[in-house]
Amino acid sequence: MAVIGLVGAQWGDEGKGKLIDILAEKADIVVRAQGGDNAGHTVVIGNETYKLHLIPSGIFYKNKFNFIAAGTVINPQSLLNEMDNLVKRGISIDRLKIDSRAHVIFPFHKKIDELSETAKGQLSIGTTKKGIGPCYMDKTERAGLRICDIISPNFKEKLAAVLALKNDIIVKIYNDRPLDLDEIYNEYLGYAKRLAPFVADVSSLIYDAIKQKKEILFEGAQGTLLDLDMGTYPYVTSSHPTAGGFTTGAGIGPTLIDQVIGVSKSYTTRVGMGPFPTELDDEVGKFIQVNGNEVGTTTGRIRRCGWLDLVILKYAARVNGLTQLVINKLDTLSSLKSLKVCIAYELDGKEIKDFPPDLADLKRCKPIYKDLKGWDEDLTKLTDYKDLPKAVKDYVEFIEKEVEVRVSMVGVGQKREQNLIR
Ligand code: GDP
Ligand code: IMO
Ligand code: MG
């Protein structure tokens, strides 16, 4: 196994949580390196369903370490809720570590996220309103507060300086009520005390573990097309969900990552705004949404659904350097007579196969489809890839041939055992 990164190959919610939980069995450490509680990762173990936002999905094994690295943004209240809920359900969090460099999400970040989305009106991004963008903005402005700041003796002075600037924005730009320093300080002091025992230099711990030949698994959050640089800007998140995010976010060199696995659904979904060439606004789209239970894990919003887009998967293979691909949710497509897979776009009368960098071009792209045979069989009880109906195998092989990345696993249900190794 060695050092493996797992990234979402689409717009998020590809089933990363499920796969991390499965792959973590063979890992020593699972690491989240970017994003925050905008992520929602579902893990189903037996009859229990867990929804994780910031804690890595390797947490369900007693003997594994789970790290939240420097590139993440941490809402302490949300993280502590997650920790408490796991403990209540009998899951140990003793081996959780948080990098002291990770930036902290404050109530003013959430407030500004909400106010800015409202002010944008038609141009809103459809964020999760978790304060992710405003927190990363403070980070890049070099004005943010990190975990090391909230556990430091002069936390209040640092907070006062930042809050004064934020209140200016809230009051003068958005005409809203200022937030109270003492209230935030007292609340966050309590969080800081509780989080302090978990704080560590995660970058250094990972490096030592790699030197000792430990198996490390990086858990991507969001997906390739939500990447701040490589995604459908501005309809993206504010971090780097592509493979490069593992190295900058966790503080390890790119030469130390051996494999990058991309995860895709057997179709495409998106939450929030922004172009989506293969989106289906018909009964097939509705079928996928209902049958796939496509409802956002974090915000409860209905996910937009459409056909599988291989232009996107090829792009994901390129920008992440994918060495393997996983196709989840093949079971969801059962009973559709025929399936469409987008193999290229038509842009201004020309056929293109590369995902266009400019959103204005993407908006004009029309998908060019290949029709493939559907299947009727229920796939959810199968335990061996060999037993899949021919039409399913043909579907998988077609994807593999077009994307030029080996499909190593497929998903036929939410549970651990509903993952078939090819
Ligand atoms: P993540 O954000 O990438 O971890 O994905 P989410 O958890 O937000 O959404 C994926 C949803 O699909 C979850 O409800 C998973 O339990 C579910 N899921 C994952 N793989 C499969 C699969 O192969 N079949 C079905 N039916 N559901 C799956
Ligand atoms: P997981 O890890 C799907 C989307 C939001 C919005 C855009 C920006 O579960 O795959 P943000 O709050 O990050 O500023 O919102 O990104 N988004 C996700 N969509 N899955 C996610 O995470 C997402 N995290 C953010 O819906 O369109
Ligand atoms: Mg999700």
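Among the residues of the stretch 232-279, the ones that are of a type in the set (S, T, N, Q), within 16 Å of ligand 1 (Cβ to nearest atom) and touching a Ser or Thr at 6+ places or on another chain (Cβ under 7 Å) come to 3 in all. Residue check: Gly17 meets all listed conditions (1) within 9 Å of ligand 1 (Cβ to nearest atom); (2) touching a helix residue (DSSP H, G or I) at 6+ places or on another chain (Cβ under 7 Å); (3) open to solvent by less than 10 Å² (accessible area, probe 1.4 Å) but one, namely (2).
In the stretch 146-161, the residues that are at negative phi and open to solvent by 20 Å² or more (accessible area, probe 1.4 Å) reach residues that are outside any helix (DSSP H, G or I) and not aromatic (Phe, Trp, Tyr) with C-beta atoms within less than 6 angstrom, at least six apart or across chains, in these pairs: Arg146/Arg101; Arg146/His103; Cys148/Ser100; Lys158/Leu145.
Selection of the stretch 64-109 for residues being in contact with a His (Cβ under 9 Å, 6 or more places away or on another chain) and either modelled with pLDDT under 95 or acidic (Asp, Glu) (or both) yields only Glu82. State whether one or more residues within the stretch 220-239 are open to solvent by 30 Å² or more (accessible area, probe 1.4 Å), touching a His at 6+ places or on another chain (Cβ under 8 Å) and assigned to a helix (DSSP H, G or I). No, every residue in the stretch 220-239 fails to be open to solvent by 30 Å² or more (accessible area, probe 1.4 Å), touching a His at 6+ places or on another chain (Cβ under 8 Å) and assigned to a helix (DSSP H, G or I).
Say whether the condition of being more than 10 Å from ligand 1 (Cβ to nearest atom) and in contact with a helix residue (DSSP H, G or I) (Cβ under 7 Å, 6 or more places away or on another chain) is met by at least one residue in the stretch 289-299. For the stretch 289-299, residues more than 10 Å from ligand 1 (Cβ to nearest atom) and in contact with a helix residue (DSSP H, G or I) (Cβ under 7 Å, 6 or more places away or on another chain): absent. Residues in the stretch 179-199 that are more than 15 Å from Asp99 (Cα to Cα) and in contact with a Phe, Trp or Tyr (Cβ under 9 Å, 6 or more places away or on another chain): Leu179, Ile184, Tyr185, Tyr188, Leu189.
Filtering the stretch 28-58 down to residues that are among the small types (Gly, Ala, Ser) and surrounded by fewer than 24 Cβ atoms within 10 Å (Cβ to Cβ), which residue is nearest to ligand 3 (Cβ to nearest atom)? Lay out the reasoning, then the answer.
Step one: list which residues in the stretch 28-58 are among the small types (Gly, Ala, Ser), which gives 33, 35-36, 39-40, 46, 57-58.
From what is left, the residues that are surrounded by fewer than 24 Cβ atoms within 10 Å (Cβ to Cβ) are 40, 46.
On the way: Gly40: 4, Gly46: 21 Å.
For the stretch 28-58, the residue satisfying everything is Gly40.
For the stretch 249-301, filtered to residues that are within 16 Å of ligand 3 (Cβ to nearest atom) and among the hydroxyl-bearing types (Ser, Thr, Tyr), the residue that is farthest from the chain's Cα centre (by Cα) is Tyr267. Just so you know, in the stretch 289-326 the residues that are within 16 Å of ligand 2 (Cβ to nearest atom) and within 20 Å of Trp375 (Cα to Cα) include one that is most open to solvent (accessible area, probe 1.4 Å), and it is Asn293.
Only one of the listed residues (Leu382, Leu388) is out of contact with any His (no Cβ under 7 Å at 6 or more places or on another chain), hydrophobic (A, V, I, L, M, F, W, C), more than 16 Å from ligand 2 (Cβ to nearest atom) and under 25 Å from Lys314 (Cα atoms). That residue is Leu388.
The values are calculated or read from the model by the stated rules, or taken from the named source; none is laboratory data. For clarity, every value in this text was computed on a predicted model and none was experimentally measured. All Cβ positions, glycine included, derive from the backbone under ideal geometry; neighbour counts span all protein chains shown. Side chains are part of the model used for accessible areas, which takes the heavy atoms of the whole protein and leaves out ligands, DNA and RNA. Shrake-Rupley method; radii C 1.70, N 1.55, O 1.52, S 1.80 Å.
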